[in-house]
Every structure is written in C-alpha cells, then in structure tokens.
Amino acid sequence: MVDKAGLYGGGLELTCILYEATITATAGTSVFVENGALGKLSFTLGTEIKEGNFVGIHVNAYNDYDDCNGLPVVQLADATTGWIGIVKSQPVWHKIPTSAGSHSTWANGSTGNLEKGWYRIATVVMPSVTMAFKANVESTAITSGSPVDYDVSENAFSDAGTDFDTGCFSFHNAETDAENALIGIGFVQTKGGSDADVYGHGTV
C-alpha cells in the first residue's frame, strides 16, 4: 500500500479495469452503494483493490482489446505476475451488478462479469511505462503482459517469447491474427514474478 501523500514522481497513468475475483451481491433494504445511488444490493469482493494498492497485469484469455474496450485489466500484485503500477484513484463501478448471488465467472459469452460490465475501474500510475498505443498484432500467441517485437514487413507486432529486451509488451490477449491490442513501452526488461511471460516489477 502506498500513501498518496508519499506518491512522488511520474509514470504513465491509465484507466484500468480491476479484476477483483468473485463479486458477491447480497439483497438488503435500501442501502447506499458506492456511487451514491440508493439500491437494494450490497457487495463484497473476493480480492478487493483499494487506492494505493500495488497491481499487476491480469492474465486471462478473455482480456482482448475489444472485450475490454481498450482498457488494461489489472489485479492485486502477487508472486506470479509481479506488479506494474499503483492504484491512484478511488475505484468506482463501471456497471453495478443487478442480481443477488455469487458472480465468479470473468467472461463466458454473455454471462461473465467482463461481458456484462460488472467490474470497477480506477486510475493506475505505472512508473516504468512511458507510452501506450493501439496497434495491430500478427500472432495468436500473445497474452496479456507478453513482450512483443515490431515486425516491419507486416506492420504489426509479433510475440517475442520471454525476451523483454524488446522494451515493448501487450496489455491484451490476441485471439486472432490482425486484431488490435494496447502496446506498452517500458523500461523493465525482465519478468515481474514467476510467470516468465508477464511484464512487471519483481515480487517475493
């Protein structure tokens, strides 16, 4: 956790989708939810993300550019993915779940939290990322956090295996050739955690 009063320096700031695992919605009687609206559901989050938390890239096959509306998806930092940024703003709901129960599926057709928009968003500052831009990819092997190379002949980005010396990585998963991804430019040239294919800073 980082105190905002002690957060100095720069880095790219991006609005990110927060993956907070299972959302449990409990029926109540006239409770105020986070955006100030009066509702009848209260919520608990499996891995709640708060302002000041360290977060890493969330790796999931559903996290492609279109399904995420171009936004990166992050989760609480862990030993597998490391960390890429610090949550700088108070998370707010993108869309509030409308039915009581346990909502644990991230994306699966129209039933998942990602597809329904049932997630929170926040501004994340990424100290080592200097730029991000939308670009085409030419490989279906690219997953969220993967290092990528620019292929001049294809005018697109390709999978670079686990070689972070390229200085470039993808925020999104590539399900098909010639689709879009948000490409990040960063100084980190190694993996963040035990997953050798995810960009980030180290964790222990």
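The values are calculated or read from the model by the stated rules, or taken from the named source; none is laboratory data. Being a predicted model, the structure only gives us computed values, none of them experimental. Glycine also receives a Cβ, built like all others from the backbone with ideal geometry; neighbour counts cover every protein chain displayed.
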I'd like to know if region 132-139 contains one or more residues that are touching a Gly at 6+ places or on another chain (Cβ under 6 Å) and assigned by TED's automatic domain parsing to the domain that holds THR176. yes
Residue pairs meeting the criteria (Cβ under 8 Å; at least 6 apart or on separate chains; first in the same structural domain as LEU114 (by TED's automatic domain parsing), in region 63-80; second surrounded by fewer than 23 Cβ atoms within 10 Å (Cβ to Cβ) and of a type in the set (Asp, Glu)): ASP64/GLU175; ASP64/GLU179; TYR65/GLU179; ASP66/GLU179; ASP67/GLU115; GLN75/GLU20; THR80/ASP195
Subset of region 109-126 (residues that are in contact with a helix residue (DSSP H, G or I) (Cβ under 9 Å, 6 or more places away or on another chain) and in contact (Cβ under 8 Å) with a residue 40 or more places away in the chain): TYR119
Scanning region 176-195 residue by residue, those part of a loop (DSSP other than H, G, I, E, B) and either crowded, with 16+ Cβ neighbours inside 10 Å or at pLDDT below 90 (or both) turn out to be THR176, ASP177, ALA178, GLU179, PHE187, VAL188, GLN189, THR190, GLY192, GLY193, ASP195
Right, SER158: part of a strand (DSSP E or B), in contact with a strand residue (DSSP E or B) (Cβ under 6 Å, 6 or more places away or on another chain) and surrounded by 14 or more Cβ atoms within 10 Å (Cβ to Cβ) or not? yes
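What tally of residues in region 140-154 results from selecting those that are of a type in the set (Val, Ile, Thr) and surrounded by fewer than 18 Cβ atoms within 10 Å (Cβ to Cβ)?
At the first step, the residues of region 140-154 found to be of a type in the set (Val, Ile, Thr) are 140, 142-143, 148, 152.
Filter once more, keeping what is surrounded by fewer than 18 Cβ atoms within 10 Å (Cβ to Cβ): 140, 152.
Residues in region 140-154 being of a type in the set (Val, Ile, Thr) and surrounded by fewer than 18 Cβ atoms within 10 Å (Cβ to Cβ): 2 in total.
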Test result for ASP149, over 18 Å from VAL59 (Cα atoms) and not aromatic (Phe, Trp, Tyr): yes
Do the conditions hold for THR130, that is, is it surrounded by fewer than 16 Cβ atoms within 10 Å (Cβ to Cβ) and touching a Ser or Thr at 6+ places or on another chain (Cβ under 8 Å)? no
Quick one: which of GLY145, GLY117 is out of contact with any Gly (no Cβ under 8 Å at 6 or more places or on another chain) and within 26 Å of GLU48 (Cβ to Cβ)? GLY117
Within region 67-105, the count of residues that are among the polar types (S, T, N, Q) and under 14 Å from THR123 (Cα atoms) comes to 3
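Yes/no matrix, rows are residues, columns are (1) part of a strand (DSSP E or B); (2) at pLDDT below 95:
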| site | (1), (2) |
| --- | --- |
| GLY10 | no, yes |
| ALA21 | no, no |
| SER30 | yes, yes |
| ILE49 | no, no |
| VAL55 | yes, no |
| ASP67 | no, yes |
